[in-house]
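**Q** What follows is a single structure, and I will ask about it in a moment.
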There are 6 protein chains.
Amino acid sequence: MKLLIINPNISRDVTHLIESEATRSIYPGTELTLATAPFGVAYIETRAEALIGGYAALQIAAEQHAHHDAIVVAAFGDPGLAALREVMPIPVVGMTEAALVSACQHGGRFSVIAISQRIQAWYRECITAYGFAERLASIRALDEPLAHIGRVQEDQGERLVALANQAVEQDGADVLILAGAPLAGLARTVATRLPVPALDGVTCAVTQAQAMASMEIAAPVAGSFALPPEKPCSGLGPALARLVGRQPTDT
Amino acid sequence: MKLLIINPNISRDVTHLIESEATRSIYPGTELTLATAPFGVAYIETRAEALIGGYAALQIAAEQHAHHDAIVVAAFGDPGLAALREVMPIPVVGMTEAALVSACQHGGRFSVIAISQRIQAWYRECITAYGFAERLASIRALDEPLAHIGRVQEDQGERLVALANQAVEQDGADVLILAGAPLAGLARTVATRLPVPALDGVTCAVTQAQAMASMEIAAPVAGSFALPPEKPCSGLGPALARLVGRQPTDT
Amino acid sequence: MKLLIINPNISRDVTHLIESEATRSIYPGTELTLATAPFGVAYIETRAEALIGGYAALQIAAEQHAHHDAIVVAAFGDPGLAALREVMPIPVVGMTEAALVSACQHGGRFSVIAISQRIQAWYRECITAYGFAERLASIRALDEPLAHIGRVQEDQGERLVALANQAVEQDGADVLILAGAPLAGLARTVATRLPVPALDGVTCAVTQAQAMASMEIAAPVAGSFALPPEKPCSGLGPALARLVGRQPTDT
Amino acid sequence: MKLLIINPNISRDVTHLIESEATRSIYPGTELTLATAPFGVAYIETRAEALIGGYAALQIAAEQHAHHDAIVVAAFGDPGLAALREVMPIPVVGMTEAALVSACQHGGRFSVIAISQRIQAWYRECITAYGFAERLASIRALDEPLAHIGRVQEDQGERLVALANQAVEQDGADVLILAGAPLAGLARTVATRLPVPALDGVTCAVTQAQAMASMEIAAPVAGSFALPPEKPCSGLGPALARLVGRQPTDT
Amino acid sequence: MKLLIINPNISRDVTHLIESEATRSIYPGTELTLATAPFGVAYIETRAEALIGGYAALQIAAEQHAHHDAIVVAAFGDPGLAALREVMPIPVVGMTEAALVSACQHGGRFSVIAISQRIQAWYRECITAYGFAERLASIRALDEPLAHIGRVQEDQGERLVALANQAVEQDGADVLILAGAPLAGLARTVATRLPVPALDGVTCAVTQAQAMASMEIAAPVAGSFALPPEKPCSGLGPALARLVGRQPTDT
Amino acid sequence: MKLLIINPNISRDVTHLIESEATRSIYPGTELTLATAPFGVAYIETRAEALIGGYAALQIAAEQHAHHDAIVVAAFGDPGLAALREVMPIPVVGMTEAALVSACQHGGRFSVIAISQRIQAWYRECITAYGFAERLASIRALDEPLAHIGRVQEDQGERLVALANQAVEQDGADVLILAGAPLAGLARTVATRLPVPALDGVTCAVTQAQAMASMEIAAPVAGSFALPPEKPCSGLGPALARLVGRQPTDT
């Protein structure tokens, strides 16, 4: 089995964190291709950044999905996830969605531990859009500017553990989601210091991607996730144009 | 990895259907233990029957979970799932919950295809209790008495495929869930005749059980899924008393 | 009129509390039969304990309902309520549901005062399952282990009154529900110390049971609360088998 | 016990229907005072008519509540109910709210059978405002102009029974509410022709009013249903001014 | 364009505040008619007061709407809004609804800053009834008795600004609504001291009224906001009787 | 006042339709700048197409917003709206959001009339994400492939009117939204043939944009719609990089 893991941001440091955690989460025989966005921002905190990251993820998926069995969008908030799912012939998994479905199977309500104050509104909207709002106990987030996105775990690890414990004690969380690709691997490191299951988005996404690929379910030819109807397009690059326009007009 | 699969009903025919489909859904090295309820009804259509099946599942889990890595409750509606999840030291997966989380990862809205008219109210309540109501496109169900619960697929297969197609065309389903252990294996058989992904609860549950066990997450010691506080009990049988009462009073 | 009041737990002390309060809530001519679960735990805090209590309540109801006009399930969380309502030919009332419908008729939002931290998740899920979540202002609960379940009122009365006042002042509660059979009678005792209506689950349930019985409404023969369709069963005891299986296979 | 039953409309025919049904629903010793709105419309189908009826009900309650133990607002949609509940020192019950809480205790989902197409939007908004929308299976309504509001039952009885049966068979209703004071008494008449419990708003309201009065719960002195803070008023009539202004400025 | 602005309360001071702010919010050529309730209370905090104010607004609208292009109901909570919208042949706008739709267009979640503790329950119910509850971040309110309703801004301005800032910092508000006609104009005064958009209900309502009138959309002749069906009425005053009864019976 | 109207699709025909309708909806003195996406598809039916259109809209806004007072995103589904709102210093209005808020001010529930079957899922998700799902009566859509996106009104006008009437008669719509930029102007043409208000997204958006601009509310400096925190970026083009990265790294 071969997974394409897309970092929708430009930070190669974060791609390395994702790869390290993903490597620990695969079954024997699973291979990984890692891709980093060729344009965009260092990490996603806002709706505008998510739109940019989503477009980058869509382009990467169009260009590189061949010969893979599933795709992972590896940024919290799942930029572009629904779009990719419509046009890709293979399963597409998002870190947030995967963490949420895993959380539901471990307990009743969950809290999300996040890396910045600003990111909370965007997370809340994603969770609500998936329909999981009533199971969200709280979002708790760091409140200092991040010195370096690739070293958040080292710099802020203690504070993140403290926030996680507060979510259990004060907010009624049965499960914790340590959110955001920059935190990839942290759940594994601090598991013994937390009294409830702590989920890592990368682990959950890679595990769910393998689960979905193993079910060998054919892509839909009806419903709202079948390939979109053919229509004229322009300016999209050949790979994306083939998917969206079906009769590429720009090649 | 070793899974304990519990049929909360007394029908050994259905246990065999579950086992056949489960066997097709496991990774190399996964072993299965199948258990059938020692008391209860032939299949679950109602809240009363689910209560009986849930109690049977709890007893079986208490008695047989040792040396397993995860438990599957193999009846739609997940009788006893939350109760088992509280007292078991290993992951517990339900057919309905597993199918729902898989459905969410394949599309927007899903329909459930069910074996009887009566069963629909109970299914709807379960789906609502999990918080997935707004993604339910419809429930469509057979409307004739079942001649034999172990032969529903042979007797009613064509009708079930017709209902599934109606759900896609008329109700806007992106994904289908062929619901109930008596339909175990049907999705695999009829997949090519359905235009959207058709999910089998047993496949989903076994796949998710392996996914959860592979994540090796410790059981909670806080929150509402930690072991209940110790308290006096009586009349429960030694295995269940050890879990619920912690200081068994009846042995 | 004759009411069967079922304590789904094994604590006879609590049965006595229930009886005392119920006796104060009946109209002239109403008679009471009290029953205590023959197996289970001392009091219900969790989903697992509620499953056990629900199964005990179902057995008691099957065995003792003859010659009664309504049944009261006298534990907060209403273990087994929907199941009993399906199979009993007479009205069945639960303490939680009865308190919730009474609360809705006294104000806008209500708070629940509970006997333990752990019990809150289970209460919240029950209230949500009934569809009353948006009217729940808060749940506030004792945070110490209970020395004796039959003496909570004496031991923790002051603390419970303090929690109730906080719910009014800080959470916007228009109505208070003093929850759990171990608190039966407390609302009556402390009413003058609370600035809003304080409801006792036993009072509400007994009052609603009499109201329902007085309306003399026939049991349904269609819909999802008609008797379940006949099906094979085994191992259930003759009374329950007659209800669920209709053609008892084990007698 | 003494109940004040307010018909917020000007139709004395309907007041007589209400009185007939109420008389059948009281316990020995309960006395009734019937009041008909001195201004307004013949029956309420719309938000504007409900506003007029609500204001009439508020005036009647202010003037006549003394020496009563509870008040019933006897029009579907409960015009003025929350307003009365704020300013009256005794329990106030509405036909709709009472029927809804009774319906919840008889089954899962209910349908409302109504006397006109136009009335449906107003009913739906009331049910949603109470928080019961997710338990509403359907509203089905007559689609012809009413010849005489006091003779709807005679003129349209067969059609109403047909609508009720459709709600059970096609919409999944476990319980029926025959809605509107002009249908008072119909549920009793046609009960044997309907396969699920059919509730009469007047019966439910009178029964719940007696239940609430029997609980002898003091009016709140805090929360949002305590008497409003004193403030200047003018033009209200002395009884209402005393309640709302507390220091009447117009007498 | 000509707008009829109705103050549903008796405070002429507040009518002057409304007029001042409205005058600053109109386009060239827009004219204003101001009307003050001939009966009622000084300001609305409760459901009972809103019912009185709504009835007053309905009477004023019936009597004075001729020759106007739109109506504004100028009290927070929009007393009588839906009723007026049913019977008026021109657009009707409410302060609360207008502020809510403006808030939705400026951000994700909003907080409401209110003039009294008691008023919060009523505001919350209004916001919920409009379907905006999930976008409400918080309601924060003054907690002292108001010395004079026409001088709240002068007396409590600093405290209101402090509450507004707390809503942004602690509750996650993207937008603020300074609620209640007594605060008309405050948003304009304190805008530079608040870090997010602060909306004035009067400004929003007058702006939306002009927007609606400019779209020149005909009143409905079907649906639930068409004129109610004709029916007998009495005691309503000729203008209202013409609208509601259509064949006035009391003139 | 100067409005920038962005067509996020590549169809210049549709841009002309938008311009024609917008010109009819402006106040004296308002000027329009029209922009068409330089890359993308002919019209948006799906999530993938919306992602592409959203990214195009973000680029256009970054490049052309200077010297404008408000921006209109002129495609149904509002591609990129929240993203633009975060980074633009002026109000941003979307066709869908504007039509929804107008619909709420004209009635209770609304129906959306759409140009293709496939588009319905995407519309439903947008409406739900804005929090308006409970006011959606139905979506009804054309079920034939579109011959030419610029001539849908001529080719399918009668069918669209028929769908609109069905929504009123069968689905309970109080208001109609004729959805999608290709239908710009249709509401005006067919208004007299529809019994309830029919809203045009372009009209609503242009009207709301003028309303928002006229309120002269400063952009937020806190909350989740303030400019995102500075962070490294690459590959974005200078205008977008200045907004998102603040310290452009690629110029």
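**Q** Quick check for me: using +1 on Lys/Arg Cβ and -1 on Asp/Glu Cβ, what's the dipole size of the stretch C:150-223 about its Cα centre, in debye to the nearest 20? Walk me through the intermediate numbers first.
**A** Details: 4 positive and 8 negative charges, 28 e Å.
Using Cβ point charges on Lys, Arg, Asp and Glu, the stretch C:150-223 gives about 140 debye.
**Q** Which whole-Hz couplings ³J(HN,Hα) result when phi for each residue of the stretch C:82-88 is put into the Karplus expression 6.51 cos²θ - 1.76 cosθ + 1.60, θ = phi - 60°, listed in order with x for Gly and Pro?
**A** 5, 5, 4, 4, 5, 9, 8
**Q** In debye, nearest 20: dipole of chain B around its Cα centre with unit charges on the Cβ of K, R (+) and D, E (-)?
**A** 220
**Q** Moving on to the next point. Quick one: give the max-minus-min coordinate of the C-alpha atoms of the stretch D:97-200 along each principal axis, largest first, in Å.
**A** 34, 29, 24 Å, listed from the longest principal axis down.
**Q** While we're here: Counting only protein heavy atoms and using a 1.4 Å probe, what share of the accessible area of the protein assembly as shown belongs to carbon plus sulfur, as a whole percent? Don't skip to the answer; put the middle values down first.
**A** Details: 23610 of 47780 Å².
On the protein assembly as shown, the fraction of accessible area on carbon and sulfur atoms equals 49 percent.
**Q** Run the quick spin-label model on D:Tyr27 and A:Asp143: label points 7 Å from Cα toward the beta carbon, then report their separation in nm to one decimal.
**A** 5.5
**Q** Can you list the copy-to-copy distances for F:Lys2, using a point 7 angstrom from Cα toward Cβ, in nanometres, shortest first?
**A** 3.8, 5.3, 7.7, 7.7, 8.9
**Q** Sticking with this structure for a sec: Residues with amide H under 5 Å of D:Val72's amide H, sequence separation 5 or more or different chain, H placed in the peptide plane at 1.01 Å from N; which?
**A** Under 5 Å from the amide H of D:Val72 lie the amide H atoms of D:Leu4, D:Ile5, D:Ile6, D:Val93, each far enough along the sequence or on another chain.
**Q** Rounded if a/c is under 1.5, else prolate if a/b is larger than b/c, else oblate: which is the stretch B:40-118, with a ≥ b ≥ c the root eigenvalues of its Cα gyration tensor?
**A** Cα axes put the stretch B:40-118 in the oblate bin.
**Q** Could you go through the stretch C:182-194 in sequence order and give the Karplus-derived ³J(HN,Hα) for each residue, using 6.51 cos²θ - 1.76 cosθ + 1.60 with θ = phi - 60°, rounded to whole Hz, and x for Gly and Pro?
**A** Result, ordered by residue: x, 9, 3, x, 5, 4, 4, 5, 9, 3, 6, 9, 10 Hz.
**Q** If you don't mind, another one. Per DSSP H run of at least 4 residues, take -39500 (n - 2.57); add these up for chain F, divide by its residues and hand me the 222 nm value, nearest 500 deg cm²/dmol. Don't skip to the answer; put the middle values down first.
**A** Details: 9 runs with 108 residues, N = 251.
Rounded to the nearest 500, it is -13500 deg cm²/dmol.
**Q** In addition: Obtain the radius of gyration and the Kirkwood radius of chain C from its C-alpha atoms and give Rg over Rh.
**A** Working: Rg = 17.8 Å, Rh = 18.3 Å.
Across chain C, the Cα-based Rg/Rh ratio is 0.97.
**Q** Checking an interface number: how much accessible area is buried between E and F, summed over both chains, with a 1.4 Å probe, in Å² rounded to 100?
**A** Working: alone 11240 and 11270 Å², together 19300 Å².
Between E and F, the summed buried area is about 3200 Å².
**Q** I would also like to ask the following. What list of ³J(HN,Hα) values in whole Hz, one per residue of the stretch C:216-230 in order, does the Karplus curve 6.51 cos²θ - 1.76 cosθ + 1.60 (θ = phi - 60°) give from phi, with Gly and Pro shown as x?
**A** Those phi angles translate into 6, 9, 5, 5, x, 10, 9, x, 8, 10, 6, 3, x, x, 4 Hz.
**Q** Have a look at the DSSP beta bridges in the protein assembly as shown and tell me what percent are antiparallel, nearest 5. Show your work: numbers first, answer last.
**A** Values: 12 of 162 bridges.
Percentage antiparallel, nearest 5: 5.
**Q** Give the distance, in whole Å, between the Cα centre of the stretch D:25-95 and the Cα centre of the stretch A:17-81.
**A** 62
**Q** Give me the distance between the Cα centres of the stretch C:142-216 and the stretch B:185-251, rounded to whole Å.
**A** 34
**Q** Please compute the net charge surrounding E:Met1, taking Lys and Arg as +1 and Asp and Glu as -1 over other residues with Cβ under 10 Å from its Cβ.
**A** On the way: positive: E:Lys2; negative: E:Glu31, E:Asp69.
Charge balance in the 10 Å sphere: -1.
**Q** May I ask you to list the aspartates and glutamates whose Cα is less than 17 Å away from that of A:Lys231, ignoring any residue fewer than eight positions away on the same chain?
**A** A:Glu86, A:Asp250, F:Asp13, F:Glu45, F:Glu49, F:Asp143, F:Glu144
**Q** On average, how much accessible surface per residue is there in chain B, in Å², for a 1.4 Å probe, leaving out ligands, DNA and RNA? Could the numbers behind the result be given before it?
**A** Working: 7970 Å² over 251 residues.
Roughly 32 Å² per residue, with all protein chains present.
**Q** Moving on to the next point. So who's got an amide H within less than 5 Å of the one on A:Asp78, skipping anything under 5 residues away but keeping other chains? H placed 1.01 Å off N, in plane.
**A** A:Met95, A:Thr96
**Q** How shielded is A:102-114 by partner chains, expressed as the average number of their Cβ atoms within 10 Å of its Cβ atoms?
**A** Working: counts 6, 1, 7, 13, 10, 9, 11, 5, 1, 0, 0, 0, 0.
Rounded to a whole number, the mean comes out at 5.
**Q** Still on this structure: If you add up the charges near E:His67, with Lys and Arg at +1 and Asp and Glu at -1, over every other residue whose beta carbon is less than 14 angstrom from its beta carbon, what do you get?
**A** Result for the neighbourhood of E:His67: -2.
**Q** Here's something else I'd like to know. Given the Cα atoms of the protein assembly as shown, and with Rh set as the inverse mean 1/r over their pairs in the Kirkwood sense, what is Rg to Rh to two decimals? Before the final figure, lay out the partial values.
**A** On the way: Rg = 31.5 Å, Rh = 33.3 Å.
Result: Rg/Rh = 0.95.
**Q** Please report, for the Cα atoms of the stretch D:3-139, the Rg to one decimal and the Dmax as a whole number; what are they, in angstrom?
**A** Reported Rg and Dmax, both Å: 14.6, 40.
**Q** In whole Å, what are the Cα extents of the stretch E:143-240 along the three principal axes, biggest one first?
**A** If we take the Cα atoms of the stretch E:143-240, the spans are 52, 33, 23 Å.
**Q** Let me ask something additional. If I model a spin label as a point 7 Å beyond the Cα along the Cα-Cβ vector, how far apart are those points for E:Glu216 and B:Thr128 in nm?
**A** 4.8
**Q** Can you list the residues, at least 5 places off or on another chain, whose amide H is less than 5 Å from the amide H of B:Ala141, using H built in the peptide plane?
**A** B:Ala114
**Q** Under 10 Å, Cα contacts only: if you run a Gaussian network model on chain C, which one of C:Ile26, C:Ile44, C:Ile115 comes out with the highest mean-square fluctuation?
**A** Highest fluctuation of the listed residues: C:Ile26.
**Q** Work out the length of the dipole vector of the stretch F:96-201 about its Cα centre, built from +1 on the beta-carbon of each Lys and Arg and -1 on the beta-carbon of each Asp and Glu, and round it to the nearest 20 debye. Don't jump to the answer; show the numbers that get you there.
**A** Numbers: 9 positive and 12 negative charges, 16 e Å.
In debye, rounded to 20, the stretch F:96-201 gives about 80.
The values are calculated or read from the model by the stated rules, or taken from the named source; none is laboratory data. Keep in mind the model is a prediction, meaning the values are calculated, not measured. Neighbour counts are summed over all protein chains in view; Cβ atoms, including those assigned to glycine, are modelled from backbone coordinates with ideal geometry. Keep in mind that these areas ignore ligands, DNA and RNA; they rest on the heavy atoms of the full protein, side chains included. Shrake-Rupley method; radii C 1.70, N 1.55, O 1.52, S 1.80 Å.
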